[in-house]
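Following: one structure in structure tokens, then a few remarks.
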Amino acid sequence: MDLEEGVVDRRRLVILLLVMAFVIAGCAGAEGSAGPVGPEGPQGLPGPAGRDGAAGPAGPAGADGVSFQPPQYVGSEACAECHQETVDVFMGSGHPHQLTPVVDGQAPEYPFSELDGPPEGFTWDEISYVVGGYNWKARFVDNEGYLITGGEEATTQYNLENPDLDLGDDWVAYHPGQEQAYDCGSCHTTGYSPEGNQDGMPGMVGTFAFPGVQCEGCHGPGSLHVNNPASIRPIIDRDAEACTSCHTRGDIGPVSASEGFIQHQDEYQDLFPGKHAVLDCVSCHDPHTGVVQLAAAGVATTRVGCENCHFAEAANDDGGVHDRIAVDCLGCHMPHLIQSAVGAPEQFTGDLRTHAVAIDPEQIEQFVETSDGLVSVPQISLSFACRSCHNPDGFGPEVTDEELQAVARGYHVPPVEEVAPVEGEAAGAN
């Protein structure tokens with residue numbers, strides 16, 4: 001077959017294929033209707049995240065939420081509407097009188113106490129507040145909020161009369177010549193905040209809801225309780241920590257002393273080293289009363305007596321002169337070791353009792369020199385346990401250290417009675 005015949009054969013083949021394609025297409029039927037949908041297949045893998053689009057317009061404001069009004073301080077007068085008797089008793093204690101405003105230029109009034117006017121050179125119109133003034137001492141705040149200190153020779157602190165020591169009712173110096181802002185509001189006021197200045201007075205550090213330690217000073221702001229007393233209770237905290245936030249000065253540690261006494265110590269710090277630290281303050285003290293008003297009424301100043309727990313010691317003492325002159329537990333175990341306003345070092349007597357309680361019959365001196373300065377030993381020494389009476393001006397005769405120790409050792413230990421052996425039996429026989 002030559003080349004020309006091969007080309008003719010290929011052309012015939014192409015034509016034949018085209019004719020067959022047209023014939024097949026002409027014979028195909030019309031497209032039928034769609035069949036039923038099959039089951040959904042498995043979810044495929046997610047594609048890559050796209051870029052964030054532009055923020056849309058803000059939506060409409062939502063409905064208002066439930067409003068909340070925090071509790072507010074309402075004052076002791078509001079408490080008295082339901083608790084009149086308790087408030088009346090409480091107002092006779094020292095707490096409400098830690099800081100007292102001077103109103104209309106009139107001298108404040110206190111239970112069981114009376115002030116001898118403002119410092120020399122001042123009138124009551126020039127005094128904004130009195131600090132203290134109940135039983136021990138009073139200091140005065142001027143109309144700028146500064147404690148009045150006066151010049152180098154000024155006497156601006158008034159010590160109230162102490163008939164037990166035959167001291168007081170006099171004026172003494174208080175940081176003379178120095179400017180002293182009043183920064184004691186955290187313990188002397190109710191609802192205290194360290195921010196700002198009360199009444200706009202530059203020397204008054206912080207603000208407060210009420211002067212003095214009122215009901216809400218311990219029970220918290222009372223507006224919610226006042227409005228719904230059945231549902232909302234006030235704070236009732238019986239733990240000692242509720243008291244020690246004010247009745248402790250600084251961190252609990254060595255108890256510093258000067259001028260023959262612990263100075264202005266706030267009770268708990270000298271109680272803490274002993275076993276009574278496990279007690280809550282309210283175990284012995286009713287927080288609504290004060291020792292001063294109970295003593296003035298001639299009733300027990302604590303809820304329980306020492307003999308309630310220490311019955312064995314109460315039943316066993318030396319049985320001598322101390323019984324006949326009615327020396328009680330407090331006289332020896334809670335002597336006046338602290339000076340708040342006045343004290344007589346030569347008589348080993350300040351104007352506040354210690355809570356140290358335990359007596360060490362081997363310890364004569366109360367204070368020792370340490371790296372922290374002059375500090376009190378944790379127990380009561382015989383100087384204060386005994387020599388508040390046994391001094392040249394005291395009720396008891398002067399005695400030597402050895403004589404004190406001889407009595408103090410085993411003071412509450414009952415004597416051992418010797419038992420004679422039964423006749424005819426050897427001692428120690430079974």
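Normalised Debye scattering of the chain at q = 0.07, 0.11, 0.13, 0.14 Å⁻¹ gives log10 I(q)/I(0) of -0.53, -0.99, -1.29, -1.42, counting only Cα atoms as equal scatterers and leaving out solvent.
How large is the helix-only mean residue ellipticity at 222 nm for the chain, computed as the sum of -39500 (n - 2.57) over DSSP H runs with n ≥ 4, divided by its residue count, in deg cm²/dmol to the nearest 500? Walk me through the numbers before you get to the answer.
Working: 14 runs with 100 residues, N = 430.
Rounded to the nearest 500, it is -6000 deg cm²/dmol.
Legend: helices of the chain (whole DSSP H runs) are marked when their alpha-carbon atoms reach 24 angstrom or more along the helix axis and their mean Kyte-Doolittle hydropathy is at least -1.0; marked are 3-27.
With a 1.4 Å probe and all protein chains left in place, how much of the accessible area of the chain comes from carbon and sulfur atoms, in whole percent? Please report the intermediate quantities before stating the final value.
Numbers: 15200 of 27720 Å².
The nonpolar share, carbon plus sulfur, comes to 55 percent.
Residues of the stretch 81-104 falling in the label zone of T123, defined by backbone nitrogen less than 11 Å from a point 7 Å along Cα to beta-carbon, are absent.
Could you give the alpha-carbon Rg of the stretch 352-418 over 2.2 N^0.38 Å, rounded to two decimals?
Values: Rg = 13.9 Å, N = 67, 2.2 N^0.38 = 10.9 Å.
So the Cα radius of gyration is 1.28 times the expected 2.2 N^0.38 Å.
For the pair A295 and S223 in one chain, pulling the backbone fully straight at 0.36 nm per residue adds 22.5 nm over the alpha carbon distance.
Dividing the Cα radius of gyration of the stretch 159-303 by 2.2 N^0.38 Å, with N the residue count, gives 1.27.
Hey, got the dipole for the stretch 146-207? About the Cα centre, +1 on K and R Cβ, -1 on D and E Cβ, debye to the nearest 20? Could you put the intermediate results ahead of the total?
Details: 0 positive and 11 negative charges, 69 e Å.
The calculated dipole for the stretch 146-207 is roughly 340 debye.
Charges were assigned to the Cβ only: +1 to each Lys and Arg, -1 to each Asp and Glu. The resulting dipole of the chain about its Cα centre is roughly 2760 debye.
Note on surface exposure: D199, D280, D237 rank D199, D237, D280 by accessible area, highest first, 1.4 Å probe. Between D183 and E152, the simple label model (points 7 Å from Cα in the Cβ direction) yields a spacing of 2.6 nm. Here the extension length gained between D164 and L330 equals 58.3 nm, from 0.36 nm per residue of separation less the Cα-Cα distance.
Based on alpha-carbon centroids, what's the gap between the stretch 370-402 and the stretch 76-111 in Å, whole number please? After rounding, the separation between the Cα centres reads 38 Å.
Once both labels are positioned 7 Å from their Cα atoms along Cα-to-Cβ, the gap between I252 and H276 label points is 1.4 nm. The listed residues R303, R233, R10, once ranked by accessible area (1.4 Å probe) with the largest placed first, stand as R233, R10, R303. A simple spin-label model places the labels of R409 and D360 1.7 nm from each other, with each point 7 Å out along Cα-to-Cβ. Candidates T189, I338, L160 compared by Cα position along the dipole of the chain: farthest toward the positive end lies T189, with charges placed on Cβ. The slack in the chain from L45 to Q106, taken as 0.36 nm per residue of separation less the alpha-carbon distance, amounts to 13.2 nm.
Mind checking the per residue accessible area of the chain for me, 1.4 Å probe, whole number of Å²? Before the final figure, lay out each step's value.
Values: 27720 Å² over 430 residues.
That works out to 64 Å² per residue.
The values are calculated or read from the model by the stated rules, or taken from the named source; none is laboratory data. Please read these numbers as outputs of a predicted model, since none were measured by experiment. Cβ atoms come from the backbone with ideal geometry, glycine included; neighbour counts cover every protein chain shown. For accessibility, only protein heavy atoms count, side chains too; no ligands or nucleic acids. Shrake-Rupley method; radii C 1.70, N 1.55, O 1.52, S 1.80 Å.
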